[in-house]
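See below for the structure under consideration.
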Amino acid sequence: MNSYLKALGLAVALIAAPTASAGEYSAMYVFGDSLSDRGNLAEAFGARWIDPPSFHYSFTDGPVAVSVLASKLDLKADPSLWLNNFNDDAGLFPAGYAPGTNYAVADATASAGGGIGAINLPFQVDAYLDRSSGVADGDALYTVFIGGNDVANATRSGTGAIALTTAVSSEISSIQSLLNAGAKNIFVVNVPDVGATPAFLAGGMALSELATANSRTYNGLLASELGKLTGSGASIRQFDLFGYSKQIISNASSYGITNTVGYCYDIGLPPTDPAGVKTTEACGEKAENIGQLAYWNNFHPTGKVHNLIGQGMFDVLAGSTAVPEPATWMMMIVGFGLMGLCLRRPRDGRQRLPGGLRPSLV
């Protein structure tokens, strides 16, 4: 991003908030999709996904970004297992495991109606508020990291702006519910460039460009609507994942990443059997080259990229200027009117998800 955009971004920052540091928050609650899920979907299926390729029942090979952020804040982001009534009936976790604060579920959407519905953002927030008797901990950090599936679905279906507006409205409504319940610290992560994922690049330039345009549209709408939220004494901060991810790709060689369009594992859902582990030629038979790739599978980043994103999220909370606040240039996008979004369908033999879940989605 050039100096003009950085300067303009600082000039139109949506919300000023105090900086964060380790020990500042009592807990970190997470709502989102497979970019943050650390076992909620696996528990719901009773699926013991093997490592590798799945690190701790996630859709990547290392800690997900929210876990990296939580660690830097001296907190945890362990799965709540809310889809299984907060119980580890599948025995996926150590004996005596206490349900955590991470409500994210793979394939979830911001919109209440996407996918199978009951895993989506409004239901995640409702599950948390039901468990907390309708009162949100005012000293906790609430991270909302969702929207990629809404963009992907809108691109694939051709519903565009209508679907994205509905999704953003749902995300805003869920955040407002947290504020109404007493949440004081909200951290919102926008969507990455869905069009830059291998899944959409494989669909051709037109599809990729549409997904990129829809990603920008979603983020512009989100930034605009966040400015209308109300909450007594609340701090609402944003992380520009779209822009930050592009910075990672632009400087990939600095991180030892030599392939930004290929991916390692030719899978949708993580397998439960070693026979189901299939790697790409770029990654190597034993995934020996995964550290050189930006993507774990055709839609999800590697653990290395997750680590970089988690560090970037912490830097923004800590007040670093290395990464512009997302409300900066996303507000520009709204002003400039940038509007606009397949994933491969599961092949025969892949694990099937109930209710229309698509394992290659976020």
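Summarising the label geometry, the points placed 7 Å from Cα in the beta-carbon direction at A95 and K278 lie 3.9 nm from one another.
Separation of the stretch 225-254 and the stretch 175-209, taken as the distance between their Cα centroids, equals 10 angstrom. With a Förster radius of 56 Å applied to the beta-carbon distance between T165 and E285, the computed FRET efficiency rounds to 0.80.
Taking the Cβ of A110 as the centre, find all other residues whose Cβ is under 10 Å away and add up their charges (Lys, Arg: +1; Asp, Glu: -1).
Working: positive: none; negative: D33, D150, E171.
Result for the local shell: -3.
Each of Q124, L293, S174 was placed along the dipole of the stretch 27-321 (beta-carbon charges, centred on the mean Cα), and the one lying farthest toward the positive end is S174. The residues packed around A140, meaning those with a beta-carbon under 11 Å from its beta-carbon, carry a net charge of -2 if Lys and Arg are +1 and Asp and Glu are -1.
Which whole-number percent gives the relative contact order of the stretch 27-321, counting Cα pairs below 8 Å spaced six or more residues apart? Please report the intermediate quantities before stating the final value.
Working: 602 pairs, mean separation 60.3, N = 295.
It comes to 20 percent, rounded to a whole number.
A straight Cα-to-Cα reach below 19 Å connects K72 with the lysines K304, residues fewer than 8 places away in its own chain not being considered.
With a cut-off of 14 Å between beta carbons, the residues surrounding G23 carry a summed charge of -1, where Lys and Arg count +1 and Asp and Glu -1.
Taking a straight Cα-Cα cut-off under 14 Å and skipping sequence neighbours fewer than 8 places away in the same chain, the aspartates and glutamates within cross-link reach of K228 are E171. Highest average first, the peptides 226-233, 186-193 ordered by how many other beta carbon atoms sit within 10 Å of their residues are 186-193, 226-233.
Charges only on Cβ, +1 for Lys and Arg, -1 for Asp and Glu: so what's the dipole of the stretch 27-321 about the Cα centre, in debye to the nearest 20? Don't jump to the answer; show the numbers that get you there.
Working: 14 positive and 26 negative charges, 103 e Å.
Computed charge dipole of the stretch 27-321: roughly 500 debye.
Packing here is the average count of other Cβ atoms within 10 Å per residue, and on that basis the peptides 249-261, 23-35, 57-69, highest first, run 57-69, 23-35, 249-261.
Values in this text are rule-based calculations from the coordinates and carry no lab data. Bear in mind the structure is a predicted one, so any value in this text is a computation, not a measurement. All Cβ positions, glycine included, derive from the backbone under ideal geometry; neighbour counts span all protein chains shown.
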